[in-house]
Amino acid sequence: MSVTPLSPEQLYTRCDVTRFTFETTEELRDLDQVIGQERALEAIHFGASIGHDGYNLFVLGPSGTGKRTVVKRLLREKASGEPVPPDWIYLNNFETPHQPRALPLPTGQGRALQAAMRHLVDELRTAIPAAFESEDYRNRRQALEDGARERQETAFQALREKAEAQDIALIRTPTGFAFAPIADGAVMEPKAFNALPQEERQRIEGEIEKLQGELQDVVKLIPGWATEHRDALRELNREITAQTLDQPIDRVNARFGTIPGIGSYLEEMREDLLDNVHALLQFETAGNTAGPAEPPAALRGRVNGFKRYEVNLMVSGGGEAGAPVVTEDNPTLPNLIGLVEHSAEMGALVTDFTLIKPGALHRANGGYLVLDAQKVLMQPLAWEALKRALKTGRIRIESAGQMLSMISTVSLAPADIPLQAKVVLCGEPMLYYLLSTHDPEFPTLFKVAADFDDEIGRGADKEMLFARQLATMARRTKLRPIDRSGIARVIEHGARLAGDAEKLSLHLRALCDLLREADFFAGQDGAEVIAASHVQQALDAKVRRADRLRERSYEAIQREFVLVDTDGAAVGQVNGLSVMQLGGFAFGRPSRITARVRMGAGKVIDIEREVDLGGPLHSKGVLILSAYLASNFAIDRPLSLAASLVFEQSYGGVDGDSASSAELYALLSALAEVPIRQDLAVTGSVNQNGHVQVIGGVNEKIEGFFDICRQRGLTGRQGVLIPAANRKHLMLRHDVVEAVAEGRFQIYPIETIDEGIALLTGRPAGTREPDGSFPEGSIYRLVEERLVTFAEARRHFGDQRSDGGRKEDGNGSLWRRP
């Protein structure tokens, strides 16, 4: 059973430049469509258009496929034809200042109202103090003051005259008023008063007591008179204030009063000004003369000064066309739902409704919000806040301390704002599947998945679309035009990135980076266009920047620190191939795989697994090859084998089943005691029927063994065995293809273990004949004979258990009972 090596044409599928009718990409129109993402585009259009709750989008796909760029472009196109959402403002709540009001305004009116209110406040700041400094106000206030003073003086004067008529004086003392007898027009001394006859003293004391009662009646009237005076003064102040503010407020009301909520707010503002005008003026005066001051009692717990009448514009759609499309690159909790800022005044942190700041949800309200899913999940409480806003349909501004109930101090509690926005999360597929599995609220909030593909089929029509895509990227990034050869080389590299000769990678970021780097080398050459040579220079330079560790790995093999043979033959030893991924650079690395066998209880020991260096997929491969042995050889006897398999000089983890065919070859060689060629390397997984199955990283694995062989000198016999199904994935380096064309290196497509073991040993594998035996001299005949020998020996030793008390352990060893 011979295997024909692959031809050079099968190792690299070139892009036929004769298919292109252009010379450079300057002749190509920009691509106005997204190639290869029809399914994702349908999902985006559906999710953006459906109006029901919960139909937010999760755009999933590998990084670099351009999903965020595509989503934002499509959303902007759709949003441009949608109405601009209303403006939103926060206003002072005169009744409960810690709960500012939220109010929607017609689009563009928010900024106009804010400017009008600011102008109104500036006007009142000037007009009201001027009104209270006017001559008319001073005269009227002085009249009130004089009237109040005269009222008190009249009452006291009447009492004084009544007392003097009875020779008693009303005198003012530091503690109030008092009565004292008088003689000869002067207050009588206590000594003189005591010298009076008792009847006279009693008469005077009785009169003073009566007068004292009348004095108390007068004093009781004074607070009422003061209240009447204050009321009169307040009415005067309201009258003067009303005369000053009626006209400016009426102007604002005439312009904005028809907007729901604004007319009533202006009336409340008018009443608040009338009630607190002097307190406001006191605060403004204190603030202008001595900096921050203690607010008057009337304003404590409220927004101080005329600032309380301003407008906090949260969102304004004026000047924009269509609905907003907002991207938040740092979705922290405050950046997402907004925050209430604080300012320091006299060592304390204070805030008011003018310090409420909008978040991304406010800016995207009525439109679309695009977020990176991983960034949202990494920010504390941001994910929970986003879900709450989507569930309730309202934006509630809360700090992290409030959400966790860690802060009990009084702060602002702004009114919630209704939310009507589509949220679009972008992330890796694994993140989407994890959220779908572990967050029960996620499927109800993000019902639409737009799944971006990372590759498309390769054909003449697709290659032409790909060429236009490259031309578009070159123009948008202001690069030189690309000629036909350069386009062809990039397309070929796109197939290499896809790991499939019949596919093209949609990793647009990597391709755009390649064009930038090729443009750099074209500039160094003084070329006006990017050619295939410049693209190849960029590829080689990128490998050169990243391959230090690859060189060290190959150097260790060349210096025989790591043992890998590339000639000769050995029993139970084969060259396996693996891929090492370091950042964005992958390379193949040969490893020696060895197998050792002896009589035992049918167990194949995977040494990597025994020491916790083997992953579950690798262990699965070893178990499959064990099942293959048990089902194909000496099936009428128990498998009496104790075998061990190991990756020699492997000090890190091993996973994947791509080495299972190589391990099986080594095991068959050890059982048959037939050497395996060391100038061949092997990759491929195996199933229980002996079929060699497709694996990943086939290009890197072939190139890794090729590089080792080239450093030691190519003999023409060296090569690699790959699964036949991997032929469609081959996009090998040009030097490998040239070596194959010159007959210095071979690549063999293997479909079954039978083909592989025959090629590796130079002997036929063997097929069972009608009598059930394998042909004489075949590998499988030798394997089965060895296994039968083990089984017979095990049975023989088992029969001798009574002879000397010997007993067999699970690995076929014999021990003696004491």
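A compact table of results
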{"quantity": "Out of Thr241, Thr173, sole residue that is within 30 Å of Pro100 (Cα to Cα) and either loosely packed, with under 15 Cβ neighbours inside 10 Å or not charged (D, E, K, R) (or both)", "calculated": "Thr241"}
{"quantity": "Those residues of the range 361-384 which are more than 14 Å from the chain's Cα centre (by Cα) and either closer than 19 Å to Leu412 by Cβ or among the hydrophobic types (A, V, I, L, M, F, W, C) (or both), in sequence order", "calculated": "Leu361, His362, Ala364"}
{"quantity": "Any hit, the range 650-671, residues being modelled with pLDDT of 90 or more, part of a loop (DSSP other than H, G, I, E, B) and surrounded by fewer than 20 Cβ atoms within 10 Å (Cβ to Cβ)", "calculated": "no"}
{"quantity": "Number of the exception - Leu113 against (1) among the hydrophobic types (A, V, I, L, M, F, W, C); (2) surrounded by fewer than 17 Cβ atoms within 10 Å (Cβ to Cβ); (3) not in a loop (DSSP other than H, G, I, E, B)", "calculated": "(2)"}
{"quantity": "Flag for Leu377 being hydrophobic (A, V, I, L, M, F, W, C) and either part of a helix (DSSP H, G or I) or touching a strand residue (DSSP E or B) at 6+ places or on another chain (Cβ under 6 Å) (or both)", "calculated": "yes"}
{"quantity": "Candidates Arg489, Arg516, Arg509 - the one that is out of contact with any Gly (no Cβ under 9 Å at 6 or more places or on another chain) and under 30 Å from Asn726 (Cα atoms)", "calculated": "Arg489"}
{"quantity": "Output for the range 758-786, where each listed residue is surrounded by 23 or more Cβ atoms within 10 Å (Cβ to Cβ), hydrophobic (A, V, I, L, M, F, W, C) and more than 23 Å from Gln10 (Cα to Cα)", "calculated": "Ala765, Ile779, Val783"}
{"quantity": "Single residue of the range 70-107 satisfying the filter (of a type in the set (Asp, Glu) and open to solvent by 60 Å² or more (accessible area, probe 1.4 Å)) that is nearest to Leu386 (Cα to Cα)", "calculated": "Glu77"}
{"quantity": "Filter pass, Ala192 being aliphatic (A, V, I, L, M), open to solvent by 30 Å² or more (accessible area, probe 1.4 Å) and under 30 Å from Thr126 (Cα atoms)", "calculated": "no"}
{"quantity": "Options Leu425, Leu504; residue that is hydrophobic (A, V, I, L, M, F, W, C) and at pLDDT below 95", "calculated": "Leu504"}
{"quantity": "Residue match in the range 332-345 (condition: polar (S, T, N, Q) and open to solvent by less than 40 Å² (accessible area, probe 1.4 Å))", "calculated": "yes"}
{"quantity": "Residue list for the range 222-238, restricted to those being open to solvent by 40 Å² or more (accessible area, probe 1.4 Å) and among the polar types (S, T, N, Q)", "calculated": "Thr227"}
{"quantity": "For Lys701: the one exception among (1) crowded, with 24+ Cβ neighbours inside 10 Å; (2) among the charged types (D, E, K, R); (3) at positive phi", "calculated": "(3)"}
{"quantity": "Residue match in the range 85-101 (condition: closer than 22 Å to Ala321 by Cα, part of a helix (DSSP H, G or I) and not basic (Lys, Arg))", "calculated": "no"}
{"quantity": "Per-region count, the range 414-434, residues hydroxyl-bearing (Ser, Thr, Tyr) and assigned to a strand (DSSP E or B)", "calculated": "0"}
{"quantity": "Output for the range 50-69, where each listed residue is open to solvent by 10 Å² or more (accessible area, probe 1.4 Å) and within 18 Å of Met430 (Cα to Cα)", "calculated": "Pro62, Ser63, Gly66, Lys67, Arg68"}
{"quantity": "One residue from Glu214, Glu150 being among the acidic types (Asp, Glu) and either open to solvent by less than 60 Å² (accessible area, probe 1.4 Å) or in contact (Cβ under 8 Å) with a residue 40 or more places away in the chain (or both)", "calculated": "Glu214"}
{"quantity": "Only listed residue being over 18 Å from Ala474 (Cα atoms) and at pLDDT 90 or above, chosen from Ala556, Ala527, Ala510, Ala531", "calculated": "Ala556"}
{"quantity": "Scan of the range 5-40 for residues that are open to solvent by less than 30 Å² (accessible area, probe 1.4 Å) and either assigned to a helix (DSSP H, G or I) or among the basic types (Lys, Arg) (or both), ordered by number", "calculated": "Leu11, Thr25, Ala40"}
{"quantity": "Pick from the range 500-518, criterion open to solvent by 30 Å² or more (accessible area, probe 1.4 Å) and not in a strand (DSSP E or B), ranking: nearest to Glu26 (Cα to Cα)", "calculated": "Arg516"}
{"quantity": "Some residue of the range 76-92 being without any contact (Cβ under 8 Å) to a residue 24 or more places away in the chain and more than 30 Å from Ile753 (Cβ to Cβ)", "calculated": "yes"}
{"quantity": "Candidates Ala115, Ala79 - the one that is within 29 Å of Gly305 (Cβ to Cβ) and of a type in the set (Gly, Ala, Ser)", "calculated": "Ala115"}
{"quantity": "Inter-residue pairs, beta-carbon under 7 Å, first over 17 Å from Pro62 (Cβ atoms) and in the range 427-447, second of a type in the set (Gly, Ala, Ser), 6+ apart", "calculated": "Phe442/Ser436; Pro443/Ser436; Thr444/Gly54; Leu445/Gly54; Lys447/Gly54"}
{"quantity": "Qualifying residues in the range 155-189 (those that are among the β-branched types (Val, Ile, Thr) and closer than 17 Å to Gly206 by Cα) - the one nearest to the chain's Cα centre (by Cα)", "calculated": "Ile168"}
{"quantity": "Single match in Ala163, Ala180, Ala169 (criterion: touching a helix residue (DSSP H, G or I) at 6+ places or on another chain (Cβ under 6 Å) and touching a residue at least 12 places away in the same chain (Cβ under 8 Å))", "calculated": "Ala163"}
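The values are calculated or read from the model by the stated rules, or taken from the named source; none is laboratory data. Because the structure is a prediction, the values reported are computed rather than measured. FYI the Cβ positions are ideal-geometry reconstructions off the backbone, even for glycines, and counts take in every protein chain you see. Surface areas here come from the heavy atoms of the whole protein model, side chains and all, with no ligands, DNA or RNA. Shrake-Rupley method; radii C 1.70, N 1.55, O 1.52, S 1.80 Å.
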